[in-house]
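Have a look at the structure below, then the notes.
The values are calculated or read from the model by the stated rules, or taken from the named source; none is laboratory data. Fair warning: this is a prediction, and the values are worked out from it, not measured in the lab. Because the Cβ atoms are built from the backbone with ideal geometry, glycine has one as well, and the counts that use them run over all protein chains shown. These accessible areas exclude ligands, DNA and RNA; they are computed on the full protein's heavy atoms, side chains included. Shrake-Rupley method; radii C 1.70, N 1.55, O 1.52, S 1.80 Å.
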Amino acid sequence: MSYQVSSNIQETLDKLLALPQVQKALEFAQQDADQTLENQIELCKIEAPTFHEEKKAARYAEMYKELGLENVHIDRHGNVEGLRPGKGGGKKVLMEGHMDTVFPIGTNPQPRKEGTRVYAPGIVDDTRGMVVPLSVIRALDAAGIQTKGDLVFVGTVEEEGIGSFGGMLKWLDDNQVDASISIDGPSAEGIVYEATGHMTCEATFHGIGGHAHGAFGKVANPLNAAARAVAKIAEFQVPEDPKTSFCVSNFHAGNDAGIHAIVPEATIKFNLRSDSQQVLEDLYQRILNALQEACDEETARWGKDTITVTHKRYCNVPAGTQDVHSPIVEATYAIIEKLGYEPQFFHGGSTNCNMAIGKNIPAVCLGMGGVDCGAHTLQEFFETTDAYKGVQQALLLALLLAGVDGVTDSILA
Ligand SMILES: [Zn+2]
């Protein structure tokens, strides 16, 4: 792919890289690798499944305070926030990593070192995303770099599973920023700049129920209705581009005690995803139609008006995209190249970045590179080799977006 970075962004980056202060910060980031890893191991040991991030948040807030961030506090949603104020005249930039993991309390998170790797559930996703910003702050301080715009650092809650990026969404609802950098994942060469939307829903078919023989013909069967709905959904055709998918992920009705009964209730759960918000909404509407048709057909089959369907949505994450040549994307590309990697664009994405993109805030998620670190498994590991480059990447992007006092303006118009 031939991808050209605009000359103004390339020049601004070159100008920063020519500054002794910036060189000092980049060198510091490398020297700071052990300290950063120590923070990572300490935080990783604090279990934090989604909706139970309090202990990790409390320690993370202390770390922000130890680094001298201002206005450090835990917001009403549980997000940890701290400010490194700018001198003025720049853009306000958010840098965040999520605090929750997919592992329930009781999972042993004791990190184990083996060669250049550290093994522990959650060590990368997203404890790494929490500590990269700490190293960025130390490097900026060590080099005495003053940004124009404010840098806001946030540890977010409720990213994983049915948290569905809730912490990020609520923080963005309460706060204004001009750009957003999410850090989630181990390596430096990937750029996530699009958002795959998704919805997770549950539909329950309700009936009267009764004896399998005695009530036969007198009541319709909600289980049949649910099965009719699933059969309809199974036949859906969806576009390959924008990538779109659907999955009935759960089907539940009846129990062993009622093995000779017409059930009173049957429930299905399903997950829909698309890179296009319009396609996602259309697909959701088709599913709602299929649920109603299934109800109607089961009712008509028996001539008994005894079935209804209700549904609820657990997650509704917007889809969206940004121009591949928007300044934040070009800047990320240019930085990754400078660090000696081949930049890799990802299409779609399910990260906290979705919520910023959904609000039309320039946003990228860094760290979603090609290294398979076994995220979300008990074998998850962090590869320490060259990990400091992730810190350098985040630092340079923050400087390009916020502007550096007396040197460069924000690349955001
Ligand atoms: Zn993550």
* Asked: For the stretch 286-326, what % of the accessible area comes from carbon and sulfur atoms, probe 1.4 Å?
  -> 47 percent
* Structure fact -> the stretch 197-317: relative contact order from alpha carbon pairs under 8 Å, six or more residues apart, as a whole percent, is 46 percent
* Asked: Using a simple charge model, +1 on the beta-carbon of Lys and Arg, -1 on the beta-carbon of Asp and Glu, nothing else, what dipole does the chain show about its Cα centre, in debye to the nearest 20?
  -> 580 debye
* Asked: Rounded, prolate or oblate: which fits the stretch 322-396, taking a ≥ b ≥ c as square roots of the Cα gyration tensor eigenvalues, rounded meaning a/c under 1.5, else prolate when a/b beats b/c?
  -> oblate
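Treating the beta-carbon of each Lys and Arg as +1 and of each Asp and Glu as -1, no other charges, what is the dipole magnitude of the stretch 197-317 about its Cα centre, to the nearest 20 debye? Show your work: numbers first, answer last.
Values: 11 positive and 14 negative charges, 53 e Å.
In total the dipole reaches around 260 debye.
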* Structure fact -> The farthest towards the positive end of the charge dipole of the chain, of the residues Ile145, Gln292, Gly390, given +1 on Cβ of Lys and Arg and -1 on Cβ of Asp and Glu, is Gln292
* Would you list Ser249, Ser2, Ser135 from the most to the least accessible area, probe 1.4 Å? -> Ser2, Ser249, Ser135
* Cα-based helix-to-principal-axis angle, 277-302 vs the chain, degrees rounded to 10 -> 10 degrees
* To do: Hey, can you find the accessible area per residue of the stretch 5-85 for me, probe 1.4 Å, expressed in square angstrom?
  => 51 Å²
* Asked: For the chain, what is the calculated [θ] at 222 nm in deg cm²/dmol (nearest 500), taking -39500 (n - 2.57) for each run of four or more DSSP H residues and dividing by its residue count?
  -> -11500 deg cm²/dmol
* Structure fact -> Expected field for His206, accessible surface area in Å² at 1.4 Å probe radius, rounded to 10, holds 50 Å²
* Tilt of helix 7-17 relative to the longest C-alpha principal axis of the chain, in degrees (0 to 90, nearest 10)? -> 60 degrees
* Take every DSSP beta bridge whose two residues both sit in the chain, then give the antiparallel share in percent to the nearest 5. => 70 percent
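Rounded, prolate or oblate, given the Cα gyration tensor of the chain, with a/c below 1.5 counting as rounded? Before the final figure, lay out the partial values.
Working: a/c = 2.66, a/b = 2.03, b/c = 1.31.
Taking the square roots of the gyration eigenvalues as a ≥ b ≥ c, the chain is prolate.
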* Counting Lys and Arg as +1 and Asp and Glu as -1, each charge on the Cβ, what is the dipole of the stretch 1-116 about the Cα centre in debye, to the nearest 20? -> 240 debye
* Structure fact -> Cross-link reach from Lys269 to aspartates and glutamates, straight Cα distance under 15 Å and at least 8 residues apart if same chain, gives Glu202
* **Cα gyration tensor, the stretch 9-55 - rounded (a/c under 1.5), prolate or oblate** => oblate
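Which FRET efficiency, nearest 0.05, do Glu54 and Phe216 yield, Cβ-Cβ r, R0 35 Å?
Numbers: r = 53 Å, r/R0 = 1.52.
E(calc), rounded to 0.05, equals 0.05.
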* Using a 1.4 angstrom probe on heavy atoms only, work out the carbon and sulfur share of the accessible area of the stretch 93-249 in %. => 51 percent
* Asked: Just the accessible area per residue of the stretch 134-225, please: how many Å² with a 1.4 Å probe?
  -> 28 Å²
* Treat each spin label as a single point 7 Å out from the Cα along the C-beta direction, and report the Ile208 to Ser245 distance in nm. => 4.3 nm
* Structure fact -> Candidates Glu66, Glu53, Glu38; GNM for the chain (alpha-carbon contacts under 10 Å) flags as most fluctuating Glu66
* Structure fact -> As straight-line cross-link partners of Lys148, the qualifying lysines (C-alpha separation under 21 Å, not fewer than 8 residues apart within one chain) are Lys15, Lys24, Lys87, Lys91, Lys92
* Structure fact -> So the angle from the long Cα axis of helix 388-402 to the longest Cα principal axis of the chain, reported in degrees to the nearest 10, equals 90 degrees
* With a 1.4 Å probe and all protein chains in place, put Phe345, Phe246 in order of accessible area, largest first. => Phe246, Phe345
* To do: Would you be so kind as to identify which of Ile268, Pro242, Gly254 lies farthest towards the positive end of the dipole of the stretch 197-317, taking Lys and Arg as +1 and Asp and Glu as -1 on Cβ and the Cα centre as origin?
  => Gly254
* **Orphan Cys of the chain, criterion: no other Cys C-beta under 4.7 Å** => Cys44, Cys201, Cys247, Cys295, Cys315, Cys373
* **Where the stretch 229-317 is the region considered: accessible area per residue in Å², 1.4 Å probe** => 58 Å²
